[in-house]
Amino acid sequence: MNVQRLRASLRGWGGVSAMAVVCALTALFALVLPLTQSPGDSGTGVGGQGVAQGERIRAEAKCTAPEDRSLAPSGDQDGEAVQAIRKRGYLSVGVDQNSFRWGYRDPNSTSEKAELEGFDIDLVHAIADEILGKQDAEVRFHAIPTDQRIPAIKRGDVDMVVRTMTINCDRLKEVAFSSPYFQTGQQVLAPKKSDITGYDGSLANKKICSAKGSTAYENLEADQKNGDLVASADIKTTVPNQLDCLVRLQLGEVDAVVTDGALAASQAAQDPTVELKGKPFTTEYYGVAMKLGADDLVRRVNQVLVDYRKDGWQQSYNTWLRASLGASSGPPPVEYR
């Protein structure tokens, strides 16, 4: 049993009582969109690189509760990363445009150009307004596949990614995360007529789809190695975007999908022939991902989240998620390293 499962029993679902959202299918393409909706020491001796590497390895080995390892919040605007954004005059953000009520384009919009909207998009605007110091600050959205979220940050294509991205220890080695802003868990999605009952022995000899680079695939792979997932389950099918798994399921190419419960429920709502099977088997915390070393930006985003949890989070939840997920007790609890 992994640490996430242990923590799941302790922390629960953070007030989310059900998952039922609808996913809008659109072709995914690279997008850059201005949005204006309303106007050390490298030595190898004592104390040098060898010691530093040993300390880093020990620190990584102790990585538990990754959602509690972000930097303490600060409203300082003088750091290099924050100043670069302010000087440029806009925030560049990687998002999804296919996850209904998270980050999507409303196909029923009456406007000439359907704008991105959803729970994640509201958070992006709150961050942009605070960093740039004005209402309706300019945001340039980049639609990024699941498996390109970390590469996009490391290349500097975006300032941050706000895309239902789970905080975990492996990712903390490559990118920095804010404190968590949402809690969910991995679940199984399968046809209603299927004999699959959940994340259990009923997955024997079944083909399972997950997104490449997702925590779902990481869990599947790890659990199969340690015996928590039946050995005969076929987990080889991976796709660039989680939405592609639903297509594979509809075509009969796979028997089940494993992903975050919030996203799996949106797919179930879109297609009445499929449903969630069993209960969540992990606890996942979404965070804003940023470049390693951009400590001032991480601290500034965490300060925005402090304020947003008090004034903004619940309103956004009620607007986008309450009708499908039910009442919420609020965002997950936060601790800092």
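I'd like the distance between the alpha-carbon centres of the range 309-336 and the range 244-290, rounded to an integer number of Å.
21
Please list 3J(HN,Hα) in residue order for the range 222-233, calculated via the Karplus relation 6.51 cos²θ - 1.76 cosθ + 1.60 where θ = phi - 60°; whole Hz, with x for glycine and proline.
With the stated coefficients, the range 222-233 comes to 5, 5, 5, 5, 9, x, 7, 10, 3, 5, 7, 5 Hz.
Rg and Dmax of the range 151-208, using alpha carbons, in Å: what are they?
When restricted to Cα atoms, the range 151-208 yields Rg and Dmax of 16.8, 45 Å.
Greater than 21 Å separation of Cα atoms is the criterion. Which listed pairs, LYS154/LYS212; LYS173/LYS277; LYS206/LYS277; LYS193/LYS236; LYS212/LYS236, meet it?
Over 21 Å apart, Cα to Cα: LYS173/LYS277; LYS193/LYS236.
I'd like to compare 271-281, 160-170, 310-320: which one has the highest average count of other Cβ atoms within 10 Å, and what's the full order after that?
160-170, 271-281, 310-320
Just tell me which aspartates and glutamates come within less than 18 Å, Cα to Cα, of LYS62; anything on the same chain fewer than 8 places away is out.
ASP170, GLU174, GLU335
Starting with the highest mean, order 226-234, 256-264, 291-299 by the number of other Cβ atoms within 10 Å, averaged over the residues of each peptide.
The densest-packed peptide leads the list: 256-264, 291-299, 226-234.
Within straight cross-link reach of LYS310, meaning Cα distance under 25 Å, which lysines are found once same-chain residues fewer than 8 apart are removed?
Straight-line reach from LYS310, under 25 Å: LYS134.
Given H placed 1.01 Å from N in the peptide plane, which residues other than close sequence neighbours of LEU292 have an amide H under 5 Å from its amide H?
ALA176
Can you give the translational diffusion coefficient of the range 186-277 in µm²/s, computed by Stokes-Einstein from the Kirkwood radius over Cα pairs at 10 °C and 1.306 mPa s?
Once the numbers are plugged in, D ends up at 126 µm²/s.
Every number in this text was worked out from the coordinates using simple rules, so none of it is lab data. Everything quoted here is computed from the prediction, not taken from an experiment. Ideal geometry is used to build each Cβ from the backbone, glycine not excepted, and the neighbour counts take in all protein chains shown.
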